[in-house]
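Enquirer: Take this structure first; my questions come after.
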Amino acid sequence: MKTLLIKNAFVIDPIQHISGETMDIAVRNGKIVDDVKNPDEVIDAQGMLTLPGGIDSHTHICGTKVNFGRYMSPEDMRAGRTSRKGDMHATAGYSVPTTYGNSYRYSRMGYTTLLEGAMAPMEARHTHEEFRYTPMQDCLANTLFDGNWFALQAIQDGDTKRLAGILAWYLSAAKGFGVKLTNPGGTEAWGFGKDVSCINDPIPNFDITPLEIIVKMIEANEMLNLPHSVHLHCNNLGKPGNYMCTLDTYDAIPDINDKRQSLYSTHVQFHSYGGSSWNDFCSKAEDIARSVNDKPHIVIDTGQVMFGKTTTMTADGPMEFNLYRLYHNKWSNHDIEMETGSGIIPVVYRKKNLVNAIMWAIGLELALLVDDPWRCILATDNPNGAPFVKYPEVMALLMSKEYRDKEFETLHKSTGRRVALPAIERELTWDEIAVMTRSAQARALGLIDYGKGYLSEGAEADIAIYPIDVDSTDPARDYERIINGFSTTEYTIKRGEVVCRRGTCTLEGNHSTYWVKPHVSPAYDMSKDAAFIDGFNRYYSIRRANYPVGEEYLGRNVCMETEASI
Amino acid sequence: MKFILNTGRTIRQGKFTENKLGQGYAEETSRCYIHPLDLLELGIEEGENIMVTNVTGEVVLVALADEGLPKGMVFVPYGIHCNSVISPCTHGTGMPDYKIHEVEIAPTSEDRKTPTELLEQLGGVRYAGN
Amino acid sequence: MQEIKDMICPFCGCLCDDITLEIEAGKIVSTDNCCTIGNAKFLGKNRLKNPIKKIDGTWTDITYEEAVDTAVEMLLDADRPLLFGWSGTHGEAQCVGVHMNEILGGVIDNTTSVCHGPSILAIQEVGHPGCTLGQVKNRADLIIYWGCNPIEAHPRHMSRYTTYADGYFLDNAFRNRKVIVVDVRETETAKVADEFIRIKPGGDYAVLSSLRAILRGKSDMIPDSVAGVSKTQLMQVADMCKTCSFGALFFGVGLTMAKGKYKNVRNAIEFVDDLNRHTKFTLTPMRGHWNVYGANEVMAWMTGYPYAVDFCRGVAFYNPGETTAIDILARKECDACMIVASDPAAHFPRACVEQLRDIPLVVIDPFETMTTTIADLQIPVAVTGIDAEGTAYRMDGIPIKVKKAMDSDYPSDTEILTRIYNKMLEVKGL
């Protein structure tokens, strides 16, 4: 039973309402405890900012499309290579690093939990195989349902309970965590090369609209009592004028969970665009932020764009094809039968490109205009807006008006006329940054009950100790120190063990996979439903018996069992 | 006569894949399919042996007629026989020209060799224990 | 007699998962739903009973422990080891292979380099518009087989996923689906096609370019005949492609091994890209070995590259044409080799086989193969899908757990490779 004592830590722990107190943290057997006597290991964290381990609630790190991003991009692999050293395996890649590359680089930034944003259930086994080689973090996977035929059929039949039963079966079979909708209805339409433009467009071959999918999925999600809410990638991503679609979507969201949000709306920067074409493209972040401020049942993440090369990848197949027609770069597409789609193209975001400069500003505006940091999560939709290694720069931009202004001067000259950013004075505080990088994620994902996101007794000992002396650092001026400090921890501690020390991973980590298993009544148990089994074996290209992911793929794992109301 | 050599999978070659040192595989991979008019021009009957040569090497195969082939192309199932005349040059792609090799074909009175014989010629040794 | 259903066939990239096996006294006695090739694989006999080592030109039976020690010695003693094969084993074993290669500083390559390696090079240039096979089965009303012959190489492809498969959006799939076959010879598949396009050898690139020109409204520049294909037929085929609701192009090594190699595939991909401006179209390489795609997947997430990865400088280095197995052997650079689940003596050009003969060679395979005869050591293992289990990736990227039908005393590939790897770590003090 290993013990560890972290002494004199400067702790910010928003869940526990701790805002910069110097204190000791005791750890026994991977958990935080009240006290330890004669600890096996002592860390002196004097003058170091100490936070709960970072949580990324929307990132693309493992699975079929991520790996296809690697497969098709040797140029990206060449852009970041390290050799095997000590406990660390070789890594490669910049925007789509190898699994070890992702894991080590997140670890050095103090991240201990990652949510893969989009897993097609039919390819879940692949995601779990890659999780096994992402050793330094606990992993969870959002499971895609936007074009699931059985789900769409149940919605068309008006049978929300059956819909919930279907979600339950797939989540358990895929060993997934949350319900993800990517361009609901659009990915099914893409099966014949079509798309939907917003929530009221009828979906080809199904007599329903995206709005019905979204609302019914939210209801079904809550019937299952899942830890997380529906996680939505709105329709019409990336198009001028799409903010109206986003606002209409938000207006239709019911507030039906009193513990957490009813909707997690992801990478909202990509959904906050004004204008009628690329010529009059502009920011509508103010409108979106106002809507979010009015709706306590909606949580968003920003989907910040940062300049440079990256790779875009999403289940939103039609959107990637549109992007391909803009960029004329290489394009990959991968439709998943009866479930969803996906696409990949590499992009470069340029400061001197007006559209890209506006996108950059929108992400920051959202973070600064949404009043409540608990409902506005910092993320780049890694790697879509930027690789996650840019997070420290995003934090610095949000904490320093001076840094923002300095960056702004380097952008396309017309940017100022299309965005509100230069007029925004707000500078985020240390506490707000802590909320937006871990505490809000823990709450939104429903992980607080599982000991994540805080540092008091009973919590998982996932801790990030940064070489930042808060008392002597003025983030508004010392933004370089913010960037450097958040880039590399002094210590990253996972389940009570130091796994990364000043950027060097010192252990072969031992990650856990978190997955949900809702218990439903026999009437809604799809494993015994003749129509479901028959349709499955007839139209999928693999047998139902060979579909579920066995627990042997998970290794160490946490099964989050819930009692459904159906 | 000059031909283009095309090599590829056949269902019989696939079937004998787990027993490549057996008779079935030996028979299948030493076949050379030729258009009947080319056979005529070569002056041989179906079932007679031919010598296939180029700068890389030579191999004896049995000629069989296949009307599905274009004139001037021969087809040989994958295996050690055809690889005797495949050059390791990949033109910087990693892939040899398995489907487009120039070869010279002439009638021969020599016998076909089995894969084992070809391997023994190379210095290979079979395991006698099984 | 025991009957097991829903088993997975470990032969080709179709990875059929509806196989029934009958087992009697610890042996598979019959199969149901298999093609001829799969059936032969399940009923395979004559496995090697124990590890064997060639001493002074004669094979000697040895123990697994001696075999592991010998393999470690041979590989650690080399300056430029090559670990080749991998497509015939499960992903878990491939992962061990990558870790092993990291500490050896060798080259790890899989059979991709001699099948769809050029396809990957093309995908790395222009991407890959694809889909899963069920998407084709449920939606496609036009199928193109280009430079491939599924009736011989993927015998159940047409019945499970295309021509003869039922599909959700097709009332009468067999009648409503059109099949076009493009090849240099009239294969068995060509004989059942609605439209057969016979191309002169080496003419694929020109034909693809012509079709693309027609799609872009430039048919006036097409001559009466292109690589043996009449303009009339080209116009007709372009029209069929443009007006279908969902087209699926499958291509084989007829494109990758012919003149033009990856440029052929690139042109096919761009043809499909172009078609997506008119309708829905996808493209899928007909992957050969049952888990060759898995080898690409594993190597991509572990090293960043799908095949031909050289760790001699510590970091992963990838340059097909230089770091591919054929080239390393042809240059006589490689000075020790481990072959896992592959038989290069049957499939490599003779010059490469001669080099394999001249260097220390370890084979990990259940059967005596052609490569056995030129090897120095062979370690028999269980057969994945029969007495070993693990993950495989179908030709369209669907990951499938290949189950085992029975237990045996043979170690799996993962077990034996892990033993070798752990011993290497021990010897190197890591």
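Enquirer: Residues A:HIS328, A:HIS334: which one is over 18 Å from the mean Cα position of the chain (by Cα), more than 25 Å from A:VAL389 (Cα to Cα), surrounded by fewer than 21 Cβ atoms within 10 Å (Cβ to Cβ) and within 11 Å of another protein chain (Cβ to nearest Cβ)?
Expert: One residue alone meets the criteria, A:HIS328.
Enquirer: Also: Please specify each residue of segment C:271-292 satisfying the condition of being more than 10 Å from chain A (Cβ to nearest Cβ), within 17 Å of C:ILE120 (Cβ to Cβ) and not in a strand (DSSP E or B).
Expert: C:MET286, C:ARG287, C:GLY288, C:ASN291, C:VAL292
Enquirer: Can you pull out every residue in segment C:225-262 that is aliphatic (A, V, I, L, M) and either more than 31 Å from the chain's Cα centre (by Cα) or away from chain B (no Cβ under 14 Å) (or both)?
Expert: If the condition is that a residue be aliphatic (A, V, I, L, M) and either more than 31 Å from the chain's Cα centre (by Cα) or away from chain B (no Cβ under 14 Å) (or both), then C:VAL226, C:LEU234, C:MET235, C:VAL237, C:ALA238, C:MET240, C:ALA248, C:LEU249 are the ones that fit.
Enquirer: Please indicate, with yes or no, whether at least one residue in segment C:158-173 is within 10 Å of chain B (Cβ to nearest Cβ) and of a type in the set (S, T, N, Q).
Expert: The answer is no; no qualifying residue exists.
Enquirer: Does C:VAL136 satisfy being part of a helix (DSSP H, G or I), at pLDDT 95 or above, closer than 25 Å to A:ARG538 by Cα and open to solvent by less than 10 Å² (accessible area, probe 1.4 Å)?
Expert: Yes: the conditions hold for C:VAL136.
Enquirer: So for segment A:36-44 (the condition being of a type outside the set (Phe, Trp, Tyr), at pLDDT 95 or above, out of contact with any His (no Cβ under 6 Å at 6 or more places or on another chain) and more than 15 Å from A:VAL498 (Cα to Cα)), does at least one residue qualify?
Expert: no
Enquirer: Also, quick follow-up: Given (1) among the small types (Gly, Ala, Ser); (2) more than 25 Å from C:CYS12 (Cα to Cα); (3) free of Cβ contacts under 8 Å to residues at least 40 places away in the same chain, where does C:SER209 come up short, assuming only one miss?
Expert: Here C:SER209 meets the rest and fails (3).
Enquirer: For A:ALA9, state whether it is outside any loop (DSSP other than H, G, I, E, B), without any contact (Cβ under 8 Å) to a residue 24 or more places away in the chain and crowded, with 17+ Cβ neighbours inside 10 Å.
Expert: Criteria not met by A:ALA9.
Enquirer: What's the number of the condition A:ASP87 fails, among (1) modelled with pLDDT of 95 or more; (2) surrounded by fewer than 24 Cβ atoms within 10 Å (Cβ to Cβ); (3) of a type outside the set (Lys, Arg)?
Expert: All conditions are met except number (1).
Enquirer: Over 27 Å from the mean Cα position of the chain (by Cα), within 14 Å of another protein chain (Cβ to nearest Cβ) and not polar (S, T, N, Q): is that true of C:CYS148 in this structure?
Expert: no
Enquirer: Right, something else. Can we say A:GLY80 is open to solvent by 10 Å² or more (accessible area, probe 1.4 Å), touching a Pro at 6+ places or on another chain (Cβ under 7 Å) and more than 7 Å from every other protein chain (Cβ to nearest Cβ)?
Expert: In short, yes.
Enquirer: Within the group C:THR20, C:THR63, which residue is open to solvent by less than 30 Å² (accessible area, probe 1.4 Å), among the hydroxyl-bearing types (Ser, Thr, Tyr) and not assigned by TED's automatic domain parsing to the domain that holds C:PHE251?
Expert: So the residue among C:THR20, C:THR63 that is open to solvent by less than 30 Å² (accessible area, probe 1.4 Å), among the hydroxyl-bearing types (Ser, Thr, Tyr) and not assigned by TED's automatic domain parsing to the domain that holds C:PHE251 is C:THR20.
Enquirer: OK, next. Look through segment B:107-130, keep the residues that are of a type in the set (Gly, Ala, Ser) and within 11 Å of chain C (Cβ to nearest Cβ), and return whichever of them is surrounded by the most Cβ atoms within 10 Å (Cβ to Cβ).
Expert: Going through the qualifying residues, I end up with B:GLY124.
Enquirer: For residues that are open to solvent by 10 Å² or more (accessible area, probe 1.4 Å) and either under 17 Å from C:ALA351 (Cα atoms) or basic (Lys, Arg) (or both), tally how many sit in segment C:300-339.
Expert: Total meeting the criteria: 9.
Enquirer: Which pairs have Cβ atoms under 7 Å, sit 6 or more apart or on different chains, and link a residue in segment A:539-554 that is within 7 Å of another protein chain (Cβ to nearest Cβ) and part of a helix (DSSP H, G or I) to one that is surrounded by 18 or more Cβ atoms within 10 Å (Cβ to Cβ) and polar (S, T, N, Q)?
Expert: Listed pairs, sorted by first residue: A:TYR539/C:ASN138.
The values are calculated or read from the model by the stated rules, or taken from the named source; none is laboratory data. Model, not experiment: these values are computed from the prediction. Methodologically, a virtual Cβ is constructed for each residue, glycine included, from the backbone with ideal geometry; neighbour enumeration extends over all protein chains shown. For accessibility, only protein heavy atoms count, side chains too; no ligands or nucleic acids. Shrake-Rupley method; radii C 1.70, N 1.55, O 1.52, S 1.80 Å.
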